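Trainee: Take this structure first; my questions come after.
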Amino acid sequence: MRFLRRFVWVTIGVLMLTGLSAVSIASSHKLVLTGSSTIAPLAVELGRRFESLHPGMRVDVQTGGSARGINDTRKGIADIGMVSRAMKADEQDLQAVTIALDGIGIIVHASNPVAALTRQQIADIFTGKITNWHEVGGKDARITVVNKAEGRSTLELFLAYFQLKNSEIRPHIVIGDNQQGIKTVSGNPHAIGYVSIGAAEYDAQRGVPLKLLPLDSVAASVVNLRNGDYPLSRPLNLVTRMTPTALAKRFIDFARSEQAYDLVEMQYFIPVSVD
Amino acid sequence: MIWWKCSILFQSVSIDRWFNAGLRLGATVAALIMALILLFLLLESWPALQHIPLMRFVTDDAWHPLEDRYNLLPMVTGTLYASSGSLLLVIPLGIASALFMAFYASPRMSMLYRRLIELLAGIPSVVFGFWGLTTVVPLINQWQPPGASLLTAILILTLMILPTLVLTSYAALIAVPDEYLRSAAALGLSRWGMIYGVVLPAARQGIVAGILLAAGRAVGETMAVLMVAGNVVQHADSLFAPIRTLTANIALEMAYAMGDHRAVLFVSGLLLLLLVMILTTMAGWFGKEHHGE
């Protein structure tokens, strides 16, 4: 019994010590990021590398949408806000820095003879008004519409650009991430879908039977996305108050530096060149 | 002498007590984990349950959580169709394979066959899904577009739960006491007569347990189904219609869900738990009924 009692005390002691050490870490240097769920996965990766470069630092990432990023930064709850759209006119009190670009490309199977679709044709295909490829100059085959799952940022951007609601879309297949979309379309000669341009271009160059359709007669490519010609894109911004803390500034500089390029590309975003 | 005896006695009582305490602790932790999961699900889904009436999960016109429409029913039918369809295929196939291994194949053949089935059991679900997406879906697409459909989901699920049923049924079959078999042979029963009249009834409980395990895996399978089922939220009107299961729904949308959307996904988790509980209860009934015979 005595042994048991000692055992219990030792356990309690160990628990208290680990608890204390957790508290002491939390009270050291800490950076809080809140906002867009599009940027969050990237921010988590950036934070992890930042932490390993600066021992003792903690980067805390919370999602809640771009609007929350703006609000929290204004109120000072967050050091940095994540905003996955261009800044609005009434948000000039904040300082925004673009860390990457996100663009969406319409993809079809490489064997599909259709070379281009107008904006209206794409909207009609996704809402089920056009159901056969021969109506837009292709083979006589039923179109398979591939849509993204609700809540995904690519879906949001796509819907906003074509001014559709998700309930209007008549999908035949609903997918999760970019890779699943690419596998689905490359395995189905009559499918049409949309994924991040970075992911599609990477796979198309490596022999996956995939074709990126131009939009408003601008080719869907990373080059056109970077120089701003491609219409279906958006900037990914980190915002701070007009005078960012030294720590926040260091993190943003790190996010834009070449040290972070591979992390940005891993999320299929396009890094902005600083030079 | 007496002292020596006492010491042994004392020691064994103390070990017993420790062992008892250890067992109790283990059992409590196991039960507590289950209770905590339930509590966690309730806690996370509470924000939605508070202001969305329960009826709306079955009476809303569609599943568009971002437009405040929360009908979960198509995903419940999707889950049920896919898992019962695969069970329908797996039960005859699985029991036949187990019987073949236990009574018809030569020992060498039986061993080889069992290794093969065990290999099938070891393949990760994502590999099945990937194979389905790149091979089975395009194949069915040539016949009945879009290919990703209830049928593909059933076929992939069948492959995945087959080893579970075969291996448990086989274990139940060879556990039937040898005397039964010898008595049956002595009575002059044919091989099939012995299997049908003696072995299957004796092994019934084990086989039912295997079916239940397989059903549980079919209901809970996520990645493979997500990749091949098409994931359109609708009541399937044919085998070639795409469907979405409850588990696939959670996996698809959880990563980017916020607020009510997230809470409703936890509600669908609760629903899944309820479904599995009903399944277990039903199997309990089955087991008892036949046991009483």
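The values are calculated or read from the model by the stated rules, or taken from the named source; none is laboratory data. Please read these numbers as outputs of a predicted model, since none were measured by experiment. Neighbour counts are summed over all protein chains in view; Cβ atoms, including those assigned to glycine, are modelled from backbone coordinates with ideal geometry.
Trainee: If I ask for residues that are more than 11 Å from every other protein chain (Cβ to nearest Cβ), in contact (Cβ under 8 Å) with a residue 60 or more places away in the chain and assigned to a helix (DSSP H, G or I), which ones from the range B:216-238 would you list?
Mentor: B:Gly216, B:Ala218, B:Val219, B:Ala224, B:Val225
Trainee: Another question about this same structure. If I filter the range B:130-152 for residues that are over 20 Å from B:Asn249 (Cα atoms) and under 16 Å from the mean Cα position of the chain (by Cα), do I get at least one hit?
Mentor: No, there is no match, as no residue in the range B:130-152 is over 20 Å from B:Asn249 (Cα atoms) and under 16 Å from the mean Cα position of the chain (by Cα).
Trainee: In the set A:Lys183, A:Lys211, A:Lys165, which member is surrounded by fewer than 18 Cβ atoms within 10 Å (Cβ to Cβ) and basic (Lys, Arg)?
Mentor: A:Lys165
Trainee: Might you check whether a residue that is among the hydroxyl-bearing types (Ser, Thr, Tyr) and touching a Phe, Trp or Tyr at 6+ places or on another chain (Cβ under 6 Å) occurs anywhere in the range A:37-58?
Mentor: yes
Trainee: Condition (residue is in contact with a helix residue (DSSP H, G or I) (Cβ under 6 Å, 6 or more places away or on another chain), under 26 Å from B:Ile243 (Cβ atoms) and more than 14 Å from chain A (Cβ to nearest Cβ)) applied to the range B:109-124: is it met by at least one residue?
Mentor: The answer is yes, given that some residue of the range B:109-124 is in contact with a helix residue (DSSP H, G or I) (Cβ under 6 Å, 6 or more places away or on another chain), under 26 Å from B:Ile243 (Cβ atoms) and more than 14 Å from chain A (Cβ to nearest Cβ).
Trainee: Quick one: in the range B:230-265, which of the residues that are under 21 Å from B:His51 (Cβ atoms) and charged (D, E, K, R) is surrounded by the most Cβ atoms within 10 Å (Cβ to Cβ)?
Mentor: B:Glu253
Trainee: Something else now. Inside the range A:251-275, can you point out the residues that are of a type outside the set (A, V, I, L, M) and in contact (Cβ under 8 Å) with a residue 60 or more places away in the chain?
Mentor: Result: A:Phe251, A:Phe254, A:Arg256, A:Gln259, A:Glu265, A:Gln267, A:Tyr268, A:Phe269, A:Pro271.
Trainee: Filter the range B:62-93 down to the residues that are part of a helix (DSSP H, G or I), closer than 29 Å to B:Asn249 by Cα and not aliphatic (A, V, I, L, M) and list them by number.
Mentor: Within the range B:62-93, B:Pro65, B:Glu67, B:Pro74, B:Thr77, B:Gly78, B:Thr79, B:Tyr81, B:Ser83, B:Ser84, B:Gly85, B:Ser86 qualify.
Trainee: While we're here: Can you give me the number of residues within the range A:65-120 that are out of contact with any helix residue (DSSP H, G or I) (no Cβ under 8 Å at 6 or more places or on another chain) and either within 24 Å of A:Ala260 (Cα to Cα) or assigned to a strand (DSSP E or B) (or both)?
Mentor: 9
Trainee: Starting from residues that are of a type outside the set (A, V, I, L, M) and more than 11 Å from chain A (Cβ to nearest Cβ), keep the ones in the range B:55-70 and report whichever is nearest to the chain's Cα centre (by Cα).
Mentor: B:Phe57
Trainee: Any residue at all in the range B:152-170 that's within 26 Å of B:Met227 (Cα to Cα), within 14 Å of chain A (Cβ to nearest Cβ) and crowded, with 21+ Cβ neighbours inside 10 Å?
Mentor: Yes, because at least one residue in the range B:152-170 is within 26 Å of B:Met227 (Cα to Cα), within 14 Å of chain A (Cβ to nearest Cβ) and crowded, with 21+ Cβ neighbours inside 10 Å.
Trainee: Just need a number here: residues in the range A:233-275 that are surrounded by 18 or more Cβ atoms within 10 Å (Cβ to Cβ), out of contact with any helix residue (DSSP H, G or I) (no Cβ under 7 Å at 6 or more places or on another chain) and β-branched (Val, Ile, Thr).
Mentor: So the answer is 1.
Trainee: For residues in the range A:183-240 being over 30 Å from A:Ile80 (Cα atoms) and charged (D, E, K, R), which is nearest to the other protein chains (Cβ to nearest Cβ)?
Mentor: Filtering the range A:183-240 for residues that are over 30 Å from A:Ile80 (Cα atoms) and charged (D, E, K, R), the one nearest to the other protein chains (Cβ to nearest Cβ) comes out as A:Lys183.
Trainee: Something else now. Residue check, B:Met254 against (1) within 14 Å of chain A (Cβ to nearest Cβ); (2) not in a helix (DSSP H, G or I), all met but one. Which one?
Mentor: Unmet condition: (2).
Trainee: Also, quick follow-up: State whether the residues of the range B:182-192 include one that is in the same structural domain as B:Ile161 (by TED's automatic domain parsing), within 26 Å of the chain's Cα centre (by Cα), more than 21 Å from B:Leu279 (Cβ to Cβ) and exposed (fewer than 15 other Cβ atoms within 10 Å of the Cβ).
Mentor: There is no residue in the range B:182-192 that is in the same structural domain as B:Ile161 (by TED's automatic domain parsing), within 26 Å of the chain's Cα centre (by Cα), more than 21 Å from B:Leu279 (Cβ to Cβ) and exposed (fewer than 15 other Cβ atoms within 10 Å of the Cβ).
Trainee: Does B:Ser268 satisfy being within 14 Å of chain A (Cβ to nearest Cβ) and loosely packed, with under 15 Cβ neighbours inside 10 Å?
Mentor: In short, no.
Trainee: Can you name the residue in the range A:142-162 that is more than 8 Å from chain B (Cβ to nearest Cβ) and either small (Gly, Ala, Ser) or without any contact (Cβ under 8 Å) to a residue 24 or more places away in the chain (or both) and is also surrounded by the fewest Cβ atoms within 10 Å (Cβ to Cβ) among such residues?
Mentor: Only one residue fits best here, namely A:Ala160.
Trainee: Testing A:Asp72 on (1) in contact (Cβ under 8 Å) with a residue 24 or more places away in the chain; (2) surrounded by fewer than 18 Cβ atoms within 10 Å (Cβ to Cβ); (3) farther than 29 Å from A:Phe162 by Cβ, one condition comes back false. Which one is that?
Mentor: (2)
Trainee: Are any of the residues in the range A:172-181 within 26 Å of B:Val264 (Cβ to Cβ), under 22 Å from the mean Cα position of the chain (by Cα) and more than 10 Å from every other protein chain (Cβ to nearest Cβ)?
Mentor: Yes, because at least one residue in the range A:172-181 is within 26 Å of B:Val264 (Cβ to Cβ), under 22 Å from the mean Cα position of the chain (by Cα) and more than 10 Å from every other protein chain (Cβ to nearest Cβ).
Trainee: Ok, one more. Report yes if A:Ala200 is under 25 Å from A:Gly138 (Cα atoms) and buried (at least 23 other Cβ atoms within 10 Å of the Cβ), otherwise no.
Mentor: Spelling it out, A:Ala200 is indeed under 25 Å from A:Gly138 (Cα atoms) and buried (at least 23 other Cβ atoms within 10 Å of the Cβ).
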